[in-house]
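Visitor: Quick one: structure below, then a few questions.
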Amino acid sequence: MPSYPYVLLSAAVSLDGYLDDTGPDRLLLSSPADFDRVDEVRASVDAILIGAGTIRADNPRLLVNSAERRAARKADGKPEYPLKVTVSASGELDPTANFWHTGGEKIVYTTERGAERLRRVPVAADVVALGSDLDWRGLLRHLREARGVERLMVEGGGTIHTQLLQQGLADEVQLVLAPLFVGDPKAPRLFGPGEYQGGRLRLLETRRIEDVVLMRYEPTAPGAGVLPSAADRRWLALACELAAECPPSGTAFSVGAVVVAADGTELARGHSREGGDPVVHAEEAALAKIAPGDPRVTSATVYTSLEPCTRRASRPVPCARLILAAGVRRVVTAWREPDTFVAGADGSGLLAGEGVDVVVLPEYEARAKAPNSHLLP
């Protein structure tokens, strides 16, 4: 499975949800103190992304303005400025825009036709063609694997924010609410229409900053099918934390599991040897806490730090079979079971063979293995 950066969406809106008005000058929604907060966030990330429309409309420099923060980045061995990223399907970009001539490295993600245009009218940036269409997953994978981007800040515009949320690729939304109204239906709004992931987002923080309010949210709804979502990473991280809580054992793995409904509601959690039971498995413990016949289970996702077992000596039914019996059709895990106790277990293969969507997120493998290091070569 591909590995993506942590994606943070950042925006300021009016009370009626607008990003700007239709006047010739940019509408300043944030307060001076909030602009400084944004500068702090910029200094903390590896890359900042804006759309080509934002470059055309605002002609931003997209810099870390604080000399102290830039110096701190350099002291940490980072470039003075984060990588600046933009996206343009057409490749129609103004080579004289401020974006290209300030800060550090830049990169443009585009289509094959956009790359052809940029060969004729180049800009001062690396150009990466993603194919015939823009592919957000391909873009994020390239940023992580080719450019080493761990944290990506997305500052707009609204179309980009909408697409990343609708595809389940945003780990966090930082939204600033400004105390004014725009009221112009022709003005740009933050989020557009379309199908979003279900459920409520989880509120992480609210903070008053002069006359504006910062709200930080994270999506909670699991992904669909075999495509991982940002929320999948959060829930699998929790399963790994639960694995670390297991009573130690020299004869069994330490595993954590969480069952999450399609709307992001946590149904149950469990871990190996929970409650003093020396042989209970994590998935078994979690599923046992859900009321029989709960209609949410069949559309839920099971997150488990180690793939569900297919054979066990301690109980007659292995966890993979318990998951199938419960009607669960999606499982997210961090690593495959080694041959330490059972050769060729392949719980993921058994589940997939029964039509269950199995997602493996290998970036969590080390975290899942940590409480089991004494059992591994």
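Visitor: According to a simple spin-label model (label point 7 Å from Cα along Cα-to-Cβ), what is the distance in nm between ALA146 and LEU376?
Guide: Distance between the two pseudo-spin positions: 3.0 nm.
Visitor: Shifting gears a bit: Count of lysine pairs in the chain with Cα atoms under 25 Å apart, counting only pairs 8 or more residues apart in sequence or on different chains?
Guide: Count of close lysine pairs: 4.
Visitor: Let me ask something else. Would you calculate a helix-derived [θ] at 222 nm for the chain, using -39,500 (n - 2.57) for each DSSP H run of n ≥ 4 and dividing by the full residue count, to the nearest 500?
Guide: -7500 deg cm²/dmol
Visitor: May I ask which residue of PRO278, LEU201, LEU9 lies farthest towards the positive end of the charge dipole of the chain, with charges of +1 (Lys, Arg) and -1 (Asp, Glu) on Cβ and the Cα centre as origin?
Guide: So the residue furthest toward the plus end is PRO278.
Visitor: Using the per-residue mean of other Cβ atoms lying within 10 Å as a proxy for protection, in what order, highest first, do the peptides 338-345, 153-160 fall?
Guide: Per-residue Cβ counts within 10 Å, averaged per peptide and sorted highest first, yield 153-160, 338-345.
Visitor: Sorting check: for 132-140, 237-245, which peptide has the highest mean count of neighbouring beta carbons within 10 Å, and how do the rest follow?
Guide: Ranking, from highest mean packing down: 237-245, 132-140.
Visitor: Separate question: To check you understand DSSP bridge types, tell me what percent of the beta bridges within the chain (both residues inside) are antiparallel, rounded to 5.
Guide: 40 percent
Visitor: Would you mind putting 276-285, 203-212 in packing order, based on average other-beta-carbon counts within 10 Å, highest first?
Guide: 276-285, 203-212
Visitor: Shape call for region 55-110 from the C-alpha gyration tensor, a ≥ b ≥ c root eigenvalues: rounded (a/c under 1.5), prolate (a/b greater than b/c) or oblate?
Guide: Cα axes put region 55-110 in the prolate bin.
Taken together, the values in this text are just the output of simple stated rules run on the coordinates, not laboratory data. None of the values given here were measured: they were computed from a predicted structure. In this analysis, Cβ positions are derived from the backbone assuming ideal geometry, glycine residues included, and neighbour counts consider all displayed protein chains.
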